[in-house]
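Below is one structure, written out as structure tokens, with a few remarks after it.
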Amino acid sequence: MRLVFAGTPEVAVPALDALLASPRHEVVAVVTRPDATAGRGRRMVASPVAQRAEEAGIEVLKPQRPRDEDFLDRLRAIAPDCCPVVAYGALLPKAALEVPARGWVNLHFSLLPAWRGAAPVQHAVMAGDEVTGASTFLIEQGLDSGPVYGVITEGIRPTDTSGDLLTRLAHSGAGLLAATMDGIESGELVARPQPADGITVAPKITVEDAAVDWTAPALRVDRLIRGCTPAPGAWTLSEGERLKLGPVTLAPDVTDLAPGEIAVAKNALHVGTGSHAVRLGEVQAVGKKRMAAADWARGTRIASGARLGV
């Protein structure tokens, strides 16, 4: 099939690579979000998908809005058979959905109908799910509600951050998307409607959502921090300033700290929660580099008994 691939971030690149390597299909163009500022110099930078497509010598389309007529005209002129999608980042209008004869097929990082929405991996980690996966489905106007072509499963490890899990799913999901394209082309694969039960929603995680509530049980604090790593980044307040938090370690033997209360030792920093304490890993103060929590405590001369989150 002639394919137009739609995607934007680094997590979409493995799927693009899998389709470029396929002997059965031709990726004739990619659709991605417009260039955006990045880095300290705030330079305009092309998306990872755009950069990979340019390396491969493929046409790159960067519409401000997918409903723009010049983009729709170009898409019709390319006449793709199918448009595979991975984390494109914009809603596709009906006019665009009608262009490819075999539709737009999305690789979504959950076992649909669980965790429909923008942040399925983060929500799966934060909810304490033990198993997740990826699904390929035919895009329709509803939110991730289209019929499913195929799924793969992936276990969630006790120490997984959303970044760890998403990296694994990006690579295993790439194979699923390529196999889905093969099955659609051969006619052997039929999309099946999603079950009516088990629908959960995974909206985008905001910076405000990533604030740690130290009155919550330690397990919930651990899951929130891992789910928000690397983005948007979990945080708390220390003496009125934000302190970013890396993954923590559960410390069930430390039970004498109030929620948010700090205990400073030579090589460890514990914080109380609504159950038992957690041991902080790396932290990052405003304008500083990431460092071990114990080093940060020494540098700021923060003492046992101080409170985070106040």
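The values are calculated or read from the model by the stated rules, or taken from the named source; none is laboratory data. This structure is a prediction, so every number in the text was calculated from the model and none was measured. Don't worry about glycine lacking a Cβ; one is built from the backbone with ideal geometry, like all the others, and counts go over all protein chains shown. Quick note on the areas: whole protein, heavy atoms, side chains included, nothing else; ligands and nucleic acids left out. Shrake-Rupley method; radii C 1.70, N 1.55, O 1.52, S 1.80 Å.
Could you look through segment 57-93, keep only residues that are within 27 Å of the chain's Cα centre (by Cα) and surrounded by fewer than 13 Cβ atoms within 10 Å (Cβ to Cβ), and pick out the one that is nearest to V148 (Cα to Cα)?
L91
Does segment 1-15 hold any residues that are within 18 Å of P63 (Cβ to Cβ) and of a type outside the set (F, W, Y), and which are they? First the steps, then the outcome.
Of the residues in segment 1-15, the ones within 18 Å of P63 (Cβ to Cβ) are 3-9, 12.
Within segment 1-15, L3, V4, A6, G7, T8, P9, A12 qualify.
Does segment 222-237 include one or more residues that are outside any strand (DSSP E or B), hydroxyl-bearing (S, T, Y) and open to solvent by less than 60 Å² (accessible area, probe 1.4 Å)? Let's see the steps before the verdict.
Going through segment 222-237, the residues outside any strand (DSSP E or B) turn out to be 222-233.
Narrowing further to those that are hydroxyl-bearing (S, T, Y): 229.
In the following step, the residues that additionally are open to solvent by less than 60 Å² (accessible area, probe 1.4 Å) were identified as 229.
Scanning segment 222-237, I find at least one residue that is outside any strand (DSSP E or B), hydroxyl-bearing (S, T, Y) and open to solvent by less than 60 Å² (accessible area, probe 1.4 Å), so the answer is yes.
With respect to V28, is the statement that it is open to solvent by 20 Å² or more (accessible area, probe 1.4 Å), in contact with a Lys or Arg (Cβ under 8 Å, 6 or more places away or on another chain) and not in a loop (DSSP other than H, G, I, E, B) true?
Judged against the criteria, V28 is a match.
Across segment 147-168, what is the number of residues that are surrounded by 19 or more Cβ atoms within 10 Å (Cβ to Cβ) and among the β-branched types (V, I, T)?
3
Which pairs do you get when a residue that is free of Cβ contacts under 8 Å to residues at least 40 places away in the same chain, found in segment 263-277, comes within reach of a residue that is assigned to a strand (DSSP E or B) and not β-branched (V, I, T), reach meaning Cβ atoms under 8 angstrom, with the pair 6+ apart or on two chains?
Qualifying pairs under 8 Å: A268/R279; L269/A263; L269/R279; H270/A251; H270/A263; H270/A277; H270/R279.
Please name all residue pairs, on different chains or six or more residues apart, with Cβ atoms under 8 Å, provided the first residue is in segment 142-159 and is modelled with pLDDT under 95 and the second residue is surrounded by 13 or more Cβ atoms within 10 Å (Cβ to Cβ) and among the basic types (K, R).
L143/R116
Just need a number here: residues in segment 251-310 that are open to solvent by 80 Å² or more (accessible area, probe 1.4 Å) and in contact with a Gly (Cβ under 6 Å, 6 or more places away or on another chain). Spell out how you get there, then give the answer.
Narrowing segment 251-310 to residues open to solvent by 80 Å² or more (accessible area, probe 1.4 Å): 252-253, 255-256, 266-267, 279, 282, 286-290, 298, 301, 307, 310.
Checking the rest, the ones that are also in contact with a Gly (Cβ under 6 Å, 6 or more places away or on another chain) come to 282, 307.
The qualifying residues number 2.
I'd like the full set of residues that are surrounded by 20 or more Cβ atoms within 10 Å (Cβ to Cβ) and not in a helix (DSSP H, G or I), limited to segment 2-18.
L3, V4, F5, A6, G7, T8
I need the full set of residues from segment 31-45 which are assigned to a loop (DSSP other than H, G, I, E, B) and open to solvent by less than 20 Å² (accessible area, probe 1.4 Å), in order please. I'd like the intermediate steps shown before the answer.
If we filter segment 31-45 for residues that are assigned to a loop (DSSP other than H, G, I, E, B), which is where we start, we get 32-35, 39-42.
Correct list: T32 only.
Go through (1) touching a helix residue (DSSP H, G or I) at 6+ places or on another chain (Cβ under 9 Å); (2) within 19 Å of P100 (Cα to Cα) and name the single condition A79 misses.
The single condition A79 does not satisfy is (1).
Suppose we filter A297, A303 for residues that are more than 33 Å from the chain's Cα centre (by Cα) and either touching a residue at least 40 places away in the same chain (Cβ under 8 Å) or not in a strand (DSSP E or B) (or both); which single one remains?
When all the criteria are applied, what remains is A303.
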